[in-house]
Amino acid sequence: MSTTAIAPTRTASALGLRRGSFASLRRLAGHMPLLAVCLIAVGVNLPTLDDYFHGDDYLAFIDLATVPTLQHLGEVLTFQDTNVYWRPLGEVYYLVMWESFGLNEVAYHVASLSFFVATLILLYAFCLQAGFGRGVALVACAFLTLFPNHVVSVSWITNAPRLMAVLFALASLVVLQRAMAGKSWRLEAASFLLFVLAGLSDEVALALAPLAPLYGLAFDGEAGGRIKRALLRGLPYVLLLLLLTPLQFIGTKNDPGFERIQFGPQMPEHLWALTSKLVWPAKDGIGFGQITPDQWAAGAVALGVFGIALITGTNRLRFLVVWVLLGLAPFTLWTAPLAPARYLYLAAVPFAIIVAWATVRGVEVLKGTLPGTLVARNLPASSVVVAATAVVLVFLASVGASITQERDRAFARDTETYRILARGLKEAAPEVPPGARIVIYYGIWNTFYIWPDAVAKTIYRDREVRVVNVARGQVDGAAPGRSGKDVVLFYTGRGFIRAAPVSAAGSALP
């Protein structure tokens with residue numbers, strides 16, 4: 001009798017376990033498309049893993065090579081470091097990578113790609129918890145992966161702190177969603193701390209501080225007290241901005257040679273230019289002069305649509321549009337007419353959600369307007385619409401991936417010159433006198449003079465070393481005078497040839 005009583009219990013337990021396992025497998029299978037998108041993201045960026053450091057990257061490495069760790073971190077906080085940005089957590093990241101991998105470019109690329117894939121997962125979670133649905137979540141992740149409006153955001157090593165900032169900002173919103181659902185002040189605090197990490201990773205992320213209270217206004221399901229809760233939620237973010245924002249302008253004044261940032265009349269034009277490249281990346285380039293007329297037109301249309309959405313759209317759509325504008329806002333402060341693609345990364349995330357929502361909604365509307373079946377083939381119209389949409393999206397995705405990889409290759413060709421410089425210098429001149437001047441005839445590093453300097457300072461661990469690049473067209477002109485402390489090299493296209501040293505009088509030594 002006891003056996004009879006126990007057997008059903010075991011059977012029910014076993015069935016329950018199997019049902020639980022089956023449900024887990026079904027949930028896992030439901031997220032397989034996200035895994036596919038993440039694998040595509042890895043595949044698209046895989047060719048960039050051995051791209052070398054850009055000259056700009058070396059600005060972050062000078063202090064790592066020449067200043068003791070604790071002193072360096074103190075200088076970062078007080079704007080005394082060589083790097084022109086105030087990104088304390090970003091600099092800690094560089095420090096960890098430097099101590100762990102040195103100048104191993106593959107390690108830095110793997111880390112950046114990991115940040116990006118984690119961002120895709122958080123974007124997916126955000127869309128689901130915001131009620132946009134799995135289709136919008138998936139299309140948004142695919143769009144962010146493949147649409148070439150923020151090319152080199154992932155492949156440019158210097159941009160890693162911005163990848164970190166967006167990762168932490170998205171994590172902050174995802175935790176905020178959980179906090180609001182569970183009415184947990186602990187999760188609210190965790191959300192705020194994650195945003196603090198975003199601001200410390202990259203100062204431009206501070207522009208996203210209004211998102212937390214605005215999210216409460218847009219998505220808070222409780223009828224009463226929404227404004228009060230939003231104001232209370234926004235209070236710590238206001239205090240954070242009051243504490244950190246002035247530091248950005250103080251730090252900018254300590255960056256000689258760089259354009260100042262300011263609130264001024266240039267901001268509307270910059271917003272237009274950035275929006276143009278965000279919504280229609282027909283042509284890549286940095287200066288405003290490289291933005292084509294069709295891009296300017298697309299930007300104007302997009303700003304008009306954004307304005308209409310802010311007036312007549314739903315709260316959710318308003319929230320996404322404000323997110324886009326906040327993501328672009330810090331880059332409108334530069335007085336120089338520049339709009340590089342990496343400036344778009346903060347805004348590319350909400351823009352991907354907007355495009356995904358519009359795409360999925362358009363498919364739903366189209367399905368609803370067609371007859372139930374297509375008489376000629378006796379096929380369900382909804383299936384035809386979905387299949388046709390899938391074909392179009394796959395085609396556009398392949399085009400986007402191709403453009404992204406081509407622009408990454410163009411950037412890699414630029415970084416390759418710094419591989420030649422860093423490795424060629426050490427081969428031709430393993431050691432140089434302290435504070436030496438390295439004169440390179442027929443050099444190809446004439447884009448921005450501080451970048452070759454940064455390479456030399458890093459690889460020789462000497463903050464006083466300088467590089468003078470004498471381009472081919474300048475060799476027959478007023479070449480720099482030579483002294484006994486100079487290291488003179490000739491670049492041949494196949495490597496460096498070191499010239500004989502000179503005496504104090506200026507003649508070559510025997």
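The values are calculated or read from the model by the stated rules, or taken from the named source; none is laboratory data. Quantities reported herein were computed from a predicted structural model and do not represent experimental measurements. Because the Cβ atoms are built from the backbone with ideal geometry, glycine has one as well, and the counts that use them run over all protein chains shown. In case anyone asks, the SASA skips ligands and DNA or RNA and just uses the protein heavy atoms, side chains included. Shrake-Rupley method; radii C 1.70, N 1.55, O 1.52, S 1.80 Å.
Here are some notes:
- Extension gain from I497 to E416, taking 0.36 nm per residue of separation minus the Cα-Cα distance: 27.3 nm
- Potential extension, V96-Q71 segment - 0.36 nm per residue separation minus Cα distance: 7.5 nm
- Structural descriptor for segment 402-499: relative contact order 33 percent, calculated from alpha carbon pairs under 8 angstrom and at least 6 residues apart.
- Annotation for segment 316-360 versus segment 420-479: alpha-carbon center distance of 39 Å.
- Computed over protein heavy atoms with a 1.4 Å probe, the accessible surface of segment 114-236 works out to 35 Å² per residue.
- Under 23 Å of direct C-alpha separation, and excluding same-chain neighbours fewer than eight residues apart, K228 reaches these lysines: K183.
- Neighbours of S112 by Cβ distance under 15 Å: Lys/Arg scored +1, Asp/Glu scored -1, total -4.
- Per residue, the average separation of C-alpha pairs within less than 8 Å and at least 6 apart gives segment 39-168 a relative contact order of 34 percent.
- In this structure, V365 and A181 have a Cβ-Cβ separation that, at R0 = 25 Å, corresponds to a calculated FRET efficiency of about 0.25.
- Inter-label distance, nm, simple model (7 Å from Cα along the C-beta direction), R472/L231: 6.8
- With a Förster radius of 25 Å applied to the C-beta separation of A390 and L35, the computed FRET efficiency comes to 0.90.
- Once you divide the Cα radius of gyration of segment 34-121 by 2.2 N^0.38 Å, the number left is 1.24.
- Local electrostatic count at G400 - Lys and Arg +1, Asp and Glu -1, tallied over other residues with Cβ under 12 Å: 0
- Orientation-averaged projection of segment 276-332 equals 4.0 nm² [convex hull of Cα atoms, one quarter of hull surface area].
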